[in-house]
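Everything below concerns the one structure shown next.
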Amino acid sequence: MVVYLIGAGPGDADLITLKAVKALNKADVVLYDYLANEEILEHAPESAKRIYVGKKAGEHYKTQDEINELIIAQARENENVVRLKGGDPFVFGRGGEEILALMENDIRFEVIPGVTSAIGAPTSLGLPVTHRALATSVTIVTGHEDPTKSEKQVKWDYTADTLIILMGIGNIKENTNEIMKYRAPDTPVCVIESGTLPKERVVFGTLEDISTKEINTPAILIIGEVVNLYKDIYNYN
C-alpha cells in the first residue's frame, strides 16, 4: 500500500503535473480538498472512491486529525491512495502533518509536488514576482496563523522585495496595518482572485487602501514594486 500526497496546482486543472496524473490513473481512492479542482478527479478510474475532505476558512468539513485518521484507514484498505491537495502539499498545505501521521503508522508514502498559487497565479497573468532590476527576493507568508498558537510567528518585518500572502483575505486590514509598520503606505499591492481559473480577477491598490476594496476568496496578495511593473507592461492605469 502507498499514499500519494499530490499537489493539484493553483486552480486550472491543466496545470497538474504528469507524474500526478500517472498516480491518479491507478488510484483506488482519492481524498481531495476544497481548493483542488474537481476536474482533476477525471484522471482517476471510474471505480475509484472519491472522498471530499475540504477545508475552507470558517467551514471546516473535517478537522486535520480526522483527515489524518481517514487517510490511514483508507491506506490500510487499499493499495493506492491519493491525497489531492490544492497548490503544493508543503506550501501551507499541511502535508508535513499528514506524512508524520503516515510515518507513525508505518505507511509508505510519496509526495508529488504541485504548482503553488503563490507563484502559479501571478505567473499565469504575466506578473513576474522577481525582476533583475526591481526584485531579487521573495517571501511567501501565511495571512492566517493557527489560532491555538501561544505566540504568533509572523512578525511582518520581512525585507524581501516581493511579499506574497496566502490565506490572508479574512485578516487583510490587520495584516496590512502590521506591514505598514515596516513599509510605506503607498507600497503597491494587487490581489489575484481565483488565480488561473475562468473567473480570475485582479484588484489593485496600496497597503493603505487595499483592505477597502471588494475582494472575494480564494485570493492571494502580492506586495512590492513588481505590481507597478506588471501594470506598466499591460498598460493598466
Subject >> Mean shadow area of region 75-142 over all directions, Cα convex hull, nm² >> reply: 6.1 nm²
Subject >> Top of LYS62, LYS22, LYS155 by mean-square fluctuation, Gaussian network on the chain, Cα under 10 Å >> reply: LYS155
**OP:** Calculate the radius of gyration of the Cα atoms of region 1-110 to one decimal place, then report Dmax, the largest Cα-Cα distance, as a whole number, both in Å.
**Re:** 12.6, 34
Original post:
When ligands, DNA and RNA are left out and all protein chains stay put, how many square angstrom of accessible area per residue does the chain have with a 1.4 Å probe?
Top reply: 52 Å²
Subject >> Portion, in percent, of the accessible area of the chain that falls on carbon or sulfur, probe 1.4 Å >> reply: 48 percent
Original post:
Based on the alpha carbon coordinates of region 91-188, what radius of gyration and maximum Cα-Cα distance (Dmax) apply, in Å?
Top reply: 16.5, 52
Subject >> Under the Debye formula (equal points on every Cα, no solvent term), log10 I(q)/I(0) of region 164-237 at q = 0.13, 0.14, 0.26 Å⁻¹ >> reply: -0.34, -0.40, -1.30
**OP:** Evaluate the distance, in nm, between pseudo-label points positioned 7 Å from the Cα of ARG94 and of GLU214 along their respective Cα→Cβ axes.
**Re:** 3.2 nm
Original post:
Is the chain rounded, prolate or oblate when judged by the Cα gyration tensor, a ≥ b ≥ c being the square roots of its eigenvalues, rounded requiring a/c under 1.5 and prolate requiring a/b larger than b/c?
Top reply: prolate
Subject >> the chain: relative contact order as a whole-number percent, Cα under 8 Å and 6+ apart >> reply: 20 percent
Subject >> Rounded FRET efficiency, nearest 0.05, which uses the C-beta distance separating GLU38 from MET103 and R0 of 30 Å >> reply: 0.55
Original post:
Can you flag which of LYS155/LYS213; LYS85/LYS213; LYS26/LYS85; LYS22/LYS49 are past 27 Å Cα-Cα?
Top reply: LYS85/LYS213
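The values are calculated or read from the model by the stated rules, or taken from the named source; none is laboratory data. Keep in mind the model is a prediction, meaning the values are calculated, not measured. Using ideal geometry, Cβ is built from the backbone for each residue, glycine included, and neighbour counts are taken over all protein chains shown. Protein only, heavy atoms only, side chains kept; ligands, DNA and RNA dropped before computing areas. Shrake-Rupley method; radii C 1.70, N 1.55, O 1.52, S 1.80 Å.
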